[in-house]
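The structure appears right after this line, and notes come after that.
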Amino acid sequence: MNQASSGWPRWWLHRGAPACCLLPLAGLFAALSALRRLAWRRGWLRAWRAPVPVVVVGNLTAGGSGKTPVVQLLAQALREAGRHPGIVSRGYGRRRGAAEPMAVLPDTPAQDSGDEPLLLRRLCDCPVWVGRDRPAAARALLREHPEVDVLLSDDGLQHYALARDVELVVIDARGAGNGWPLPAGPLREPWSRRRDATLAPPALAAGHLGEARPGPAGAAPLFELRRQAGELRNLGDGRRLSLAEFRLEQAGRPVSAAAAIGNPGQFFAMLRDAGLALARTASASDHRALPEDLLRELPGPVLLTEKDALKCELGQPGLERLWAVGLRVEADPGFVPWLLARLARGAWSPP
């Protein structure tokens, strides 16, 4: 996997000279992170505990690993089980001056809410609040929505100010990269960090990637997580096509793809696995809007993630060439029953 497709600096993928030069800084980062975790664990810093159970979905590496689709899966599963979930998020990419904390509505501008919270609000049909202070966002959400009986935190594994009852670690195909802490490698915390469960793609779950396999984490179960391309939506006229219909309509024409997400290569690989031959691909930094000139250079129809499609403005030239690709996320059949059992046991203790 190269730098462009992985979304990571090249030295995070290998233990070469650039990464070795950064090891002193990585050692300092690891020591400070360990001291910070100790401060929360010993109670020197106090976390706020919500009156409902809190499930944190996070990752151990810098950048995205597919946490937001897992939160969507959880919200839908909890609703189907008769629960009333609410979602809190940091809201990365929000403009300065946006309200703190803030409720996300279906028509909230992405620059105010952040792209991922807005996507969750539109897809999950449950309350979503954002804020740099996650406990404040959680308190505001619960005040406005007293029916909420479980909170989902999109990201926030390393933000200990919000006490949590279940920690889920999401891993993508990049695994631990070179296995070193920031900035020599991608790790925010040790790969063997305690968690309640791990969700990983089938190859990692089966241990086919050697050292990228999740390390020891007590008795924490490991569940497979599969991602598949779903329905396609044209940003110009709103048409919706299945993958088979899109392939038939575009037969013989070049098709491109672009993404500004944590791991663009994962999106491109998913499209190829769905039988789409991509003539060209392009990527940009996570949470950024894809530049219009970059999209114009790509031949044929251009496939985007739903997250990137949110930032394409109405009336923008060339919208008829852009297609948002839906994402279907499926977890191991035992995952949702395991989570519901954890919540039913009442492992959490309200204040």
Exercise. When residues of segment 72-89 are filtered for being without any contact (Cβ under 8 Å) to a residue 24 or more places away in the chain and more than 17 Å from His145 (Cβ to Cβ), how many remain?
Worked result: 1
For this session: Answer yes or no as to whether Arg328 is charged (D, E, K, R) and under 25 Å from Leu78 (Cβ atoms).
Result: yes
Exercise. Considering Thr68, Thr61, which residue is crowded, with 18+ Cβ neighbours inside 10 Å and touching a helix residue (DSSP H, G or I) at 6+ places or on another chain (Cβ under 8 Å)?
Worked result: Thr68
Exercise. Can Pro299 be described as in contact with a helix residue (DSSP H, G or I) (Cβ under 7 Å, 6 or more places away or on another chain) and either within 19 Å of Arg174 (Cα to Cα) or not assigned by TED's automatic domain parsing to the domain that holds Ala110 (or both)?
Worked result: no
For this session: Residue by residue through segment 148-169, note down the ones that are crowded, with 18+ Cβ neighbours inside 10 Å and of a type in the set (S, T, N, Q).
Result: Ser153
Seminar exercise, completed: The one condition Ala184 fails out of (1) modelled with pLDDT of 95 or more; (2) in a strand (DSSP E or B); (3) among the small types (Gly, Ala, Ser) is (2)
Exercise. Just for segment 193-222: of the residues that are small (Gly, Ala, Ser) and modelled with pLDDT of 90 or more, which one is farthest from Ala341 (Cα to Cα)?
Worked result: Ala200
For this session: Looking only at segment 116-147, count how many residues are buried (at least 20 other Cβ atoms within 10 Å of the Cβ), under 27 Å from Arg195 (Cα atoms) and touching a residue at least 60 places away in the same chain (Cβ under 8 Å).
Result: 4
Problem set entry | Scope segment 100-118; condition assigned to a helix (DSSP H, G or I) and touching a helix residue (DSSP H, G or I) at 6+ places or on another chain (Cβ under 7 Å); matching residues | Ala110, Asp115, Glu116, Leu118
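The values are calculated or read from the model by the stated rules, or taken from the named source; none is laboratory data. Everything numeric here is computed off the predicted structure, so don't read it as measured data. Glycine also receives a Cβ, built like all others from the backbone with ideal geometry; neighbour counts cover every protein chain displayed.
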